[in-house]
Ligand code: TXA
Ligand code: MG
């Protein structure tokens, strides 16, 4: 199959709508990351999404809509959902609803809830309006690779597997939507994103919980509230390690680590804040945005991880951000990319230079 990459215009949008109605897959930009869409009512089409991604069948998909009038056909709507939809739709918030039988169970991996989101990206909205179908869409990467934030990275994973990629340029937010469970007692963030816990609490007027496994691996005895949390995700091919400590210690430790990596014959680099690019110029610095600007780091994260793959990097040492606000979403993705490997900069320096 040839994969066409087309700029969004009237003719490519109506082609996308025809392909979706015909049971085929279309990749499209959203404000978070690119999605790989199929008609959510078409079981066969949804199965081919899992196949194209190599995605485990027990990891459910998000259903994308352009209008609240589409909800009635797919789910019940608890009262609590209304203020959330008023405040955050269209936008990067996915809400779990009690599922109706019309949604094939392949979409929800057999769960009794369906995840729904209304994207704000104009191309996503136009495509959803053009087909007027609920569109089941995971991120448009091969399973286990960093989510694509440009059409180029979608093509890297999906070339020859799908007929059409709508190229809407780089995604704004850069990390996937916040996934919120309002179906099982206290509202719980299953996956952090651009809509933060504090923003949700502000609208709901009650405490919002964070799923336990957001900043650590699941324990062997622990059930994943969101099946996606179980998998090693967002990982580039090289080995990512997080370096933590005071600013001065982190810079010194990164220089040590890079030197050691190179001496070992490994392609080595650092992911660092804009302010540190100069100080780390001998360490092949990759800029993850200004210190304290977590939205900028979120925006750059996946494209940086993809670039490191393009460069065949072996060892990657990364700075960290405080796990608060959008920083929580950054650290959730970065932690998984690093398989939660972390180095305490002070301890490393003490070991190298004596305490
Ligand atoms: O921003 C996004 O959410 C992007 C764009 C394309 O919309 N989509 C995306 O989809 O990130 P995906 O499939 O990569 O991630 C969906 C996440 C997974 O962690 C999945 O386990 C969880 O949502 N999820 C989906 N349905 C669920 C459900 N019924 N219950 C619990 N978790 C669910
Ligand atoms: Mg994904």
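Quick notes on this structure:
- Only listed residue being exposed (fewer than 15 other Cβ atoms within 10 Å of the Cβ), in contact with a helix residue (DSSP H, G or I) (Cβ under 8 Å, 6 or more places away or on another chain) and in contact (Cβ under 8 Å) with a residue 40 or more places away in the chain, chosen from 352, 320: 352
- The number of residues in the stretch 199-217 that are touching a residue at least 40 places away in the same chain (Cβ under 8 Å) and not in a loop (DSSP other than H, G, I, E, B) comes to 7.
- The lone exception for residue 114 - which of (1) more than 16 Å from ligand 2 (Cβ to nearest atom); (2) buried (at least 22 other Cβ atoms within 10 Å of the Cβ); (3) over 24 Å from residue 54 (Cβ atoms) it fails: (3)
- Qualifying residue in the stretch 94-101 (condition: surrounded by fewer than 20 Cβ atoms within 10 Å (Cβ to Cβ), modelled with pLDDT of 95 or more and more than 11 Å from ligand 1 (Cβ to nearest atom)): yes
- Where residue 32 falls short, out of the listed (1) in contact with a helix residue (DSSP H, G or I) (Cβ under 8 Å, 6 or more places away or on another chain); (2) assigned to a loop (DSSP other than H, G, I, E, B); (3) at pLDDT 95 or above; (4) within 15 Å of ligand 2 (Cβ to nearest atom): (1)
- Search result, residues across the stretch 163-177 that are within 16 Å of ligand 2 (Cβ to nearest atom) and touching a helix residue (DSSP H, G or I) at 6+ places or on another chain (Cβ under 9 Å): 171, 173, 174, 175, 176
- Taken together, the residues in the stretch 246-259 that are in contact with a strand residue (DSSP E or B) (Cβ under 9 Å, 6 or more places away or on another chain) and surrounded by 19 or more Cβ atoms within 10 Å (Cβ to Cβ) amount to 6.
- For the stretch 131-144, the candidate set comprises residues that are within 13 Å of ligand 2 (Cβ to nearest atom) and out of contact with any helix residue (DSSP H, G or I) (no Cβ under 6 Å at 6 or more places or on another chain); within that set, the residue that is farthest from residue 65 (Cα to Cα) is 144.
- Of all residues in the stretch 231-243, those that are in a strand (DSSP E or B) have Cβ atoms under 6 Å from Cβ atoms of residues that are within 16 Å of ligand 2 (Cβ to nearest atom) and at pLDDT 80 or above, 6 or more apart or on another chain, in 240/337.
- Residues that are in a loop (DSSP other than H, G, I, E, B), away from ligand 1 (no atom under 13 Å from the Cβ) and in contact with a helix residue (DSSP H, G or I) (Cβ under 6 Å, 6 or more places away or on another chain) within the stretch 35-65 are absent altogether.
- Pairs where the first residue, in the stretch 114-132, is closer than 17 Å to residue 178 by Cβ and the second is part of a helix (DSSP H, G or I) and within 16 Å of ligand 2 (Cβ to nearest atom), C-beta under 7 Å, 6+ apart: 114/107; 114/108
- The set of residues in the stretch 63-82 that are surrounded by 13 or more Cβ atoms within 10 Å (Cβ to Cβ) and more than 14 Å from residue 128 (Cα to Cα) comprises 73, 74, 75, 76, 77, 78, 80, 81.
- For first residues located in the stretch 1-24 and more than 11 Å from residue 38 (Cα to Cα), partners that are loosely packed, with under 14 Cβ neighbours inside 10 Å and lie 6+ apart or on another chain with Cβ distances below 7 Å form the pairs 1/160; 3/159; 3/160.
- Some residue of the stretch 254-264 being more than 30 Å from residue 195 (Cβ to Cβ), over 28 Å from the mean Cα position of the chain (by Cα), touching a residue at least 60 places away in the same chain (Cβ under 8 Å) and not in a strand (DSSP E or B): yes
The values are calculated or read from the model by the stated rules, or taken from the named source; none is laboratory data. The structure displayed is predicted, hence computed values, not measured ones. Glycine gets a Cβ as well: all are built from the backbone with ideal geometry, and neighbour counts include every protein chain shown.
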